[in-house]
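I have placed the structure first, in the form of structure tokens, so that the comments after it can refer back to it.
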Amino acid sequence: DTYLEAFYTSWLATEQTVGGKRLLVSIGGEAKSKLIEEITKLEASGWEIYATNHTHQYLAEHGVGSTFLYKASDGMTPSVLEMIAEKKADLIVNIPRQKNGRAEKTDGYAIRRLAIDHHIPLITNLELAKLFLRCLVEIDTQKLEPKSWNEYHYHIIDANR
């Protein structure tokens, strides 16, 4: 019925699901500021937020509580690698910086590779992340039901009358 519902149900059609309310974020550069509103709303609605160093600091500066995780290259715990390998994340948003150093590329690659290996939904595009997080905040994802083509088709015809 809405743009967000259409986007979210199309995502569900890719046979992915978000099984809980644990979000892992590792966001490079200025992208953090473009997702802060959605992450703030997710935290307020009961989501547990986990973040790597700079993202964790940025969230704290903006009043968002998150659990700190070390990057893969830090070699310390609690780490992003452990969280993903133990499937303690339900959704991962990993937006790389435009200009990465070697360690950042390695860390980001490790996050993305493990997310895929452990079948955890992963978003790497800023605009898609913003839209997807809005879906989780603004619609009741548990009550969405698919519609047949006929329901959609007749709804459009009725709207045009």
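Details
- Only one of the numbered conditions (1) over 20 Å from Val18 (Cβ atoms); (2) in contact (Cβ under 8 Å) with a residue 24 or more places away in the chain is not met by Val93, and that is (1).
- Scanning the stretch 81-110 for residues that are modelled with pLDDT under 95, part of a helix (DSSP H, G or I), of a type in the set (A, V, I, L, M) and open to solvent by less than 40 Å² (accessible area, probe 1.4 Å) gives a single hit, Ala110.
- Hits in the stretch 1-30 (condition: modelled with pLDDT of 90 or more and more than 13 Å from the chain's Cα centre (by Cα)): Tyr3, Leu4, Glu5, Phe7
- All positions within the stretch 28-38 that are farther than 21 Å from Asp90 by Cβ and open to solvent by 40 Å² or more (accessible area, probe 1.4 Å): Glu30, Ser33, Lys34
- Sole residue being open to solvent by 80 Å² or more (accessible area, probe 1.4 Å), within 18 Å of Gln16 (Cβ to Cβ), assigned to a helix (DSSP H, G or I) and at pLDDT 95 or above, chosen from Leu128, Leu133: Leu128
- Scan the stretch 39-68 for residues that are open to solvent by 10 Å² or more (accessible area, probe 1.4 Å) and either in contact (Cβ under 8 Å) with a residue 40 or more places away in the chain or part of a loop (DSSP other than H, G, I, E, B) (or both) and the total you get is 8.
- In the stretch 1-38, the qualifying residues are those that are of a type in the set (A, V, I, L, M) and assigned to a loop (DSSP other than H, G, I, E, B), and the one that is nearest to Trp149 (Cα to Cα) is Ala13.
The values are calculated or read from the model by the stated rules, or taken from the named source; none is laboratory data. A quick note: this is a predicted structure, and the numbers were derived from the prediction, not measured. Every residue, glycine among them, receives a Cβ derived from its backbone with ideal geometry; neighbour counts consider all protein chains shown. SASA here: full protein model, heavy atoms, side chains in, ligands and nucleic acids out. Shrake-Rupley method; radii C 1.70, N 1.55, O 1.52, S 1.80 Å.
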